[in-house]
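Presented below is the structure to which this report refers.
The values are calculated or read from the model by the stated rules, or taken from the named source; none is laboratory data. Note that the structure is predicted; figures quoted are calculated from it, not measured. Cβ placement follows ideal geometry from the backbone for every residue including glycine, while neighbour counts extend to all protein chains displayed.
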Amino acid sequence: MNGAVSGGVPFLSLQRICGMGIDIVEISRIREKINNNRAFLKRVFTDEELKYSLGKKNQYQRLAVRFAAKEAVWKAVGLKGLALKDIAIVKAPGGQPGIACRDARAAGLRFQLSLTHSNDYAAAIVIAMREADK
């Protein structure tokens, strides 16, 4: 995947916050979308995300929290036409969740990401940062 994987970027570095996004999803809504329209999976999620999530005991929570994260990234960067599939939720080098964005318009952005889910809801918050002017 092209684009930098970002996660765990120190806040004390020379970063300037340029956007923030949050999203919460009902897991039952994602389960229903998947069960009624399997094309939804291929339209929204990368092959790596599907491999990580499908077939696991909590597959719907895994997919729902990734969907929430993609929506939060979309809100944070505010790029019209940014496809959800161009936003990948990945493991950053330290094992924490990170974001890889394949859209060239997001080049130079770094992200902070926090994910959470229960049996019923999945949520994500994203802070988008750009290197501060020196």
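Scanning the stretch 101-133 for residues that are part of a loop (DSSP other than H, G, I, E, B) and either of a type in the set (A, V, I, L, M, F, W, C) or in contact with a Leu (Cβ under 7 Å, 6 or more places away or on another chain) (or both) yields a total of 3.
Output the number of residues of the stretch 35-51 satisfying the condition of being surrounded by fewer than 18 Cβ atoms within 10 Å (Cβ to Cβ), within 18 Å of the chain's Cα centre (by Cα) and of a type outside the set (D, E, K, R). Show your work before the answer.
Filtering the stretch 35-51 down to residues surrounded by fewer than 18 Cβ atoms within 10 Å (Cβ to Cβ) leaves 35-43, 47-48, 50-51.
Checking which are within 18 Å of the chain's Cα centre (by Cα) leaves us with 40-43, 47-48, 50-51.
Imposing the further condition that a residue be of a type outside the set (D, E, K, R) reduces the set to 40-41, 50.
Count: 3.
State which residue is nearest to Lys51 (Cα to Cα) when the search covers only the stretch 62-101 and only residues that are of a type in the set (D, E, K, R) and at pLDDT 90 or above. In this case the residue turns out to be Arg62.
Just to be sure I understand, how many residues within the stretch 91-102 are surrounded by fewer than 17 Cβ atoms within 10 Å (Cβ to Cβ) and of a type outside the set (Gly, Ala, Ser)? Working first, answer last.
First, pick out the residues of the stretch 91-102 that are surrounded by fewer than 17 Cβ atoms within 10 Å (Cβ to Cβ): 91, 93-96, 102.
If we keep only those that are of a type outside the set (Gly, Ala, Ser) too, we end up with 91, 93, 96, 102.
Of the residues in the stretch 91-102, 4 are surrounded by fewer than 17 Cβ atoms within 10 Å (Cβ to Cβ) and of a type outside the set (Gly, Ala, Ser).
Between Leu63, Leu82, the distinction of being of a type outside the set (Val, Ile, Thr), at negative phi and either more than 12 Å from the chain's Cα centre (by Cα) or surrounded by fewer than 22 Cβ atoms within 10 Å (Cβ to Cβ) (or both) belongs to Leu82 only.
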